[in-house]
Amino acid sequence: MRAKATFVLASLLVIGALQAEEPVNVPSSKENFHLFLLMGQSNMSGGVGLAAGDTKPVPSVLKMRYAKEGEGPKWAPGTHPLHPRRPNKKARFGPGLSFAEAYLADKPGVTVGLIPMAWGGRSIVQLSKGSEIYGDAIRHMKAAMQVGTLKGVLWHQGESDTVEQTRTDAYENRLHRLIKDVREDLGYPQLPFIVGNLAEFYGTGKDHKAPDRVARITKVKEILRRLPKKVPHTGFVESTGCSPAARAKVHFDRKSSLLMGKRYAKVYADMFGKP
């Protein structure tokens with residue numbers, strides 16, 4: 001009986017420790033708190049497990065935790081995982097923090113606030129206006145904008161829209177519409193919106209290499225690549241030289257997620273004419 005009571009007490013202490021959030025200092029100046037919304041599916045939320053040291057906070061980076069409707073925003077130190085509730089309870093490593101680190105390299109005195117709203121395995125319809133996920137993203141972003149300045153959206157998605165031809169055929173119009181909706185709902189007509197390409201290796205694994213599937217993957221890649229030529233204030237991140245996390249050849253490995261984050265930052269800088 002005593003052993004059982006000891007176990008229960010220890011469990012409660014562990015749960016309490018996990019639930020306790022480290023205190024964070026949100027910048028007092030909105031101009032020095034730069035906000036980025038992270039959207040998409042698993043290659044944005046993270047497709048590979050964490051390594052030692054990944055839960056250590058990144059200096060000058062905060063992340064917004066999920067809050068139920070009606071609750072106030074909750075900020076926490078910028079650590080992995082960024083998306084602990086999406087798509088499952090597994091801790092994953094994605095490109096968000098390496099983007100923030102690269103972005104901050106030439107911005108002393110600035111803090112980055114990441115609003116992680118990606119959800120693995122979802123099609124663009126499931127992430128678009130009218131969905132719960134989209135509503136959550138806009139709600140959290142608006143809450144963050146009360147204390148910070150919106151700087152851009154990072155998007156990595158499209159794998160789920162290569163499953164069938166009708167999804168692939170509609171993908172370009174749906175992507176353009178989603179960008180328009182996000183800009184209108186956040187009141188920022190020229191909001192920078194950067195998309196990352198599907199992995200080069202996607203379509204070479206045994207589950208996704210059927211000729212019709214490869215053709216659909218190629219089409220979505222081209223839609224993403226030509227986005228900046230069709231929609232103003234958008235950017236494109238190439239995925240060349242990246243390697244897979246597993247035999248399925250869908251997700252970027254840890255090294256490639258780090259690389260993609262840095263590439264997002266480079267594209268963002270290039271959009272504003274920085275050397």
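Bear in mind these aren't lab numbers, they're just calculated from the coordinates by the rules spelled out. Being a predicted model, the structure only gives us computed values, none of them experimental. Neighbour counts are summed over all protein chains in view; Cβ atoms, including those assigned to glycine, are modelled from backbone coordinates with ideal geometry.
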Quiz item: When averaged across all projection directions, what area in nm² does the alpha-carbon convex hull of the stretch 141-275 cover?
Solution: 9.1 nm²
Quiz item: Just how many % of Cα pairs in the chain lie over 29 Å apart, if you round to the nearest whole percent?
Solution: 31 percent
Quiz item: Which of the pairs Lys68/Lys219; Lys74/Lys266; Lys56/Lys229; Lys129/Lys249; Lys56/Lys129; Lys142/Lys249 have their Cα atoms more than 32 Å apart in this structure?
Solution: Lys68/Lys219; Lys56/Lys229; Lys56/Lys129; Lys142/Lys249
Practice problem: Quick one: P(r) of the stretch 52-151 from all Cα-Cα pairs, 5 Å bins, percents rounded to integers, in order of increasing distance. | Solution: 2, 12, 22, 24, 21, 12, 5, 1
Quiz item: In nanometres, what is the gap between the two model label sites at Lys90 and Thr218, each 7 Å from Cα along Cα-to-Cβ?
Solution: 3.1 nm
Self-check item: the stretch 214-271 pair-distance distribution - Cα-Cα, 5 Å bins, rounded %
Solution: 4, 17, 20, 24, 21, 11, 3, 0
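Quick one: length gained pulling Val231 to Glu31 fully straight, 0.36 nm per residue minus the C-alpha distance?
Full-extension gain reported as 69.3 nm.
How large is Rg/Rh for the stretch 37-97, to two decimals, with Cα atoms and a Kirkwood Rh? Let's see the in-between values first.
Values: Rg = 11.6 Å, Rh = 12.1 Å.
For the stretch 37-97, the value is 0.96.
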Exercise. Identify all aspartates and glutamates with a Cα-Cα distance to Lys180 below 14 Å; exclude those on the same chain that are fewer than 8 residues away in sequence.
Key: Glu172
